[in-house]
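Working notes for the structure below.
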Amino acid sequence: MKIPVTLKVNGETYEVVIAPYRTLLDVLREELRLTGSKKGCDVGDCGACTVILDGKPVNSCLVIAATAEGREIQTIEGLAQNGKLHPLQEAFVKEGAVQCGFCTPGILMSLKSLLDKNPTPTRDEVKTAMGGNLCRCTGYSKMFKAVESITRPG
Ligand code: FES
Ligand code: FES
């Protein structure tokens, strides 16, 4: 059995007909072809699939897509606006905070959610916001530097 579901992603409305058990991550990637959200573990451990749902970061591999109907979903594809990178993205590039890049979309969404509510977080607040995001490459310190380059310039 499949059900119709309407999803609002990055301000665009998408109609899909899907099995009721499918996750938001799978629907984003496989139905909407928004493949920026990554599937690392598929069980809520790595944060690579993080999207913002009604203002809060969530592991989209743990969200049933149908329960996201009518809610505001933001994905990494919506972070750049009008062809211009988000300041977080620019800072990550400038500070070399990306290596393989697999964790980066999820980390940026966790950080965007933080900065939307708290534009000048402390290092501890940044760490807490990224607590559910694993990176196997960078050691995190360049990410902290990147965030602080825009939240605490100079
Ligand atoms: S893929 Fe969702 S937390 Fe790892
Ligand atoms: S940059 Fe490779 S996992 Fe984070």
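Values quoted throughout were computed directly from the atomic coordinates according to the rules given, and no laboratory measurement underlies them. This is a predicted model, so every value here is computed, not measured. As a convention, Cβ positions derive from the backbone with ideal geometry for all residues, glycine included, and neighbour counts pool all protein chains shown.
Between segment 1-53 and segment 111-135, what's the alpha-carbon centroid distance in Å?
23
Would you calculate the separation in nanometres between label points at residue 41 and residue 94, each defined as 7 Å from the Cα along the Cα-to-beta-carbon direction?
Here the modelled spin labels are 3.3 nm apart.
Once the Cα atoms of the chain are picked out, what are the Rg and Dmax in Å?
Final numbers for Rg and Dmax: 15.5, 57 Å.
What's the exposure ranking of 61, 137, going from fewest to most Cβ atoms within 10 Å?
With the fewest neighbours first, 61, 137 line up as 137, 61.
Distances longer than 22 Å among the Cα atoms of segment 3-78: what percent of all pairs is that?
Numbers: 270 of 2850 pairs.
In whole percent, the long-distance tail amounts to 9.
Nearest 10 degrees, 0 to 90: what angle lies between the long axis of helix 104-117 and the longest principal axis of the chain (Cα atoms)?
So the inclination is approximately 80 degrees.
What value, in deg cm²/dmol to 500, does the helix sum -39500 (n - 2.57) over DSSP H runs of n ≥ 4 give at 222 nm once divided by the residues of the chain?
Value at 222 nm, helices only, nearest 500: -7500 deg cm²/dmol.
Per-residue counts of other Cβ atoms within 10 Å, averaged by peptide: what ranking do you get for 47-59, 68-80, highest first?
47-59, 68-80
Roughly how tilted is helix 141-151, in degrees to the nearest 10 and between 0 and 90, from the longest Cα axis of the chain?
90
Among the lysines in the chain, how many pairs, 8 or more places apart or on different chains, have alpha carbons under 17 Å apart?
15
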